[in-house]
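Engineer: Once you've had a glance at the structure underneath, I'll fire off some questions.
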Amino acid sequence: MANTSLLLGVLSGSYPRRRLLRCSYSAQRAHMAHVRVLFLVGRPRNASLNAPRGGVPDLGAHDVMALPVSDGSAAEGSAPPMSGSLTALLKVFFFLQFAANQPERHIVKADDDTFVSVPALLAYADAMPPRYFAGVFESSSWIPSRAVMIGWGMHPEWTKRTHGHRYHNCTRDGSVPDTYGDYQPGDVCTGPFWFAKGPLRMLDREAARALLFETSFFSDFAKIASVPARHAKLSNRARRIVSEDAQMGYWASQVPRLNYVPLQTTKFVNNVKGAWREAWDPKVAAFGGDVLALHRFPYTCHAAAASAVVAAWSGGGGSRRATAHCPSSNTACGRDPRPGRTLGPGGVRGCVASLAHPGVPRRMCEPVVLAPTAARALVCNETWKVGRGYRRIAQDIPACAV
């Protein structure tokens with residue numbers, strides 16, 4: 001892993017969260033030599049034009065990438081600062097253009113409510129094939145002209161069977177199932193396709209450059225400015241969904257010869273087990289050597305998590321390797337990362353011929369496997385406080401000296 005260089009871009013609209021994450025990364029400093037962290041920060045929406053540093057206390061810090069966006073901008077103007085916001089999508093636009101021209105081979109995007117194990121991240125990156133796109137994959141469909149996600153599922157075959165239901169995808173003729181009354185004349189739906197969940201996803205510089213220059217990236221960038229006006233006639237639900245995750249998946253679906261690499265199966269994510277965990281549950285055992293990403297992890301436990309990670313990766317644990325196995329040839333079929341699934345023509349395990357852009361060759365690799373290590377328990381007796389609101393959650397973030 002000594003030669004693995006990595007650029008980690010963290011979407012952030014919160015100074016207290018950035019302060020805490022700096023402490024988390026600093027505690028893992030032994031593994032940070034080849035990792036560059038950049039916090040992707042916009043201007044606070046309600047900041048005065050005369051506010052010091054534009055209302056961003058750490059503006060000018062070496063790890064802050066100031067972007068020409070307003071934190072908290074959403075299609076309907078009332079979303080929380082990050083999730084599902086137009087802000088997040090614009091930050092991804094700018095970051096990808098920047099990262100594709102940087103010296104680091106691996107590019108990682110994370111959210112500021114996610115704890116990341118840096119040594120595990122490096123081990124996963126070291127295992128990746130060339131031209132890869134990695135994450136925990138789910139399925140969606142997309143209306144490119146309005147950046148609207150209209151369907152979701154854990155697998156394209158599942159969502160394809162749910163036309164007309166609450167979670168729906170494109171019909172076969174490309175029109176929009178109008179379950180919510182959101183259809184507008186001229187809408188064209190694309191999908192279903194794989195997308196990597198937003199808290200943590202990875203790609204290499206080759207894939208990032210292909211995404212910029214072999215897809216609709218720049219034309220989509222030009223359309224995004226008109227998204228708020230185009231959302232005016234939509235239902236409240238549709239206006240809330242501006243998914244940078246799905247937009248990224250839409251671009252990736254256009255990239256030929258792309259290797260999709262699952263970091264973990266969705267089965268284990270939803271059961272809060274394994275390397276990637278959602279909405280921390282202290283009743284489920286966790287170990288510092290197994291963790292890759294903890295999304296919605298209690299802020300008060302970041303120090304404990306960093307200590308467990310460092311202990312697990314010290315000594316003999318530091319030589320651990322991850323492995324990723326990909327099919328020997330490119331194919332228009334993807335592989336279902338969930339074990340034991342048989343889908344697609346001829347009963348081929350995991351074959352999904354109905355992905356968006358079916359003529360584009362792509363490969364779905366097996367989920368990454370990290371070599372086991374001696375157990376180092378990660379103890380956190382807190383639970384993630386769901387539904388408390390962004391500003392109230394920020395009050396729970398402990399002060400920490402970097």
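A short reminder: the numbers here are calculations on the coordinates, not readings from a lab. Quantities reported herein were computed from a predicted structural model and do not represent experimental measurements. When we count neighbours, we look across all protein chains shown, and the Cβ atoms used for this are built from the backbone with ideal geometry, even at glycine.
Engineer: Please work out how much length the chain gains when fully extended from Q97 to A33, using 0.36 nm per residue of separation minus the C-alpha to C-alpha distance, in nm with one decimal.
Structural biologist: The Q97-A33 span can extend by a further 20.7 nm.
Engineer: Also: When the chain is fully extended, how far beyond the present Cα-Cα distance does V369 get from N381, taking 0.36 nm per residue of separation?
Structural biologist: So the extension gain works out to 1.6 nm.
Engineer: For the pair R209/F221, report the inter-label distance in nm, with labels modelled 7 Å from Cα in the Cβ direction.
Structural biologist: Each label point is offset 7 Å from its Cα along the Cβ direction, giving 1.6 nm.
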